[in-house]
Amino acid sequence: MENLERTFLGRVDEESGDIPAVNIKEENDKFVLEMAAPGMKKDDFQINLDNYQLTISSEKSEKNEEKKDNYTRREFMYSTFSRSFTLPKTIDVDKIKADYKNGILTVILPKKEEEAKLTKQIKIS
């Protein structure tokens, strides 16, 4: 699994903030990437693919202000993360799907059907 992670994951970018944990499962016809990100909404994520480099990122900010008699309380929250994964060439990039439920972002990475291997002996004339 460690060797698969090195090959499959490639590099991991950590821009700032908390980096969500990721599990990757390999099945016969696909890889399943699960990212734990509770408290977020599906609109908080961006998923981009650039030349077999899959990047999942999020940028979220909140501002709260409370004014009472003699004081003002302001709270700011800002969180961001970015994780990049180098996908193997066996992934069918046109069929990648993502879903977010119960705090888990799931990305389905289907494998391409293997082409029949052509074997042939070439005679030298």
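Here are a few things to note about the model shown:
- Long-range neighbours under 7 Å by Cβ, at least six apart or interchain, first residue modelled with pLDDT of 90 or more and exposed (fewer than 14 other Cβ atoms within 10 Å of the Cβ) within segment 77-99, second part of a strand (DSSP E or B) and aliphatic (A, V, I, L, M): LYS97/ILE108
- Residues that are modelled with pLDDT of 90 or more, of a type outside the set (A, V, I, L, M), within 19 Å of GLY103 (Cα to Cα) and surrounded by 14 or more Cβ atoms within 10 Å (Cβ to Cβ) within segment 27-61 comprise GLU34, ASP44, PHE45, THR55, SER57, SER58, listed in sequence order.
- For segment 1-26, a tally of residues being modelled with pLDDT of 65 or more, assigned to a loop (DSSP other than H, G, I, E, B) and of a type outside the set (A, V, I, L, M, F, W, C) returns 2.
- Of the residues making up segment 63-93, those that are out of contact with any Phe, Trp or Tyr (no Cβ under 8 Å at 6 or more places or on another chain) and among the aromatic types (Phe, Trp, Tyr) are TYR71, PHE76, TYR78, PHE81.
The values are calculated or read from the model by the stated rules, or taken from the named source; none is laboratory data. Values in this document were obtained by computation on a predicted structure and should not be read as measured data. All Cβ positions, even for glycine, are placed from backbone atoms using ideal geometry, and neighbour counts span all protein chains on display.
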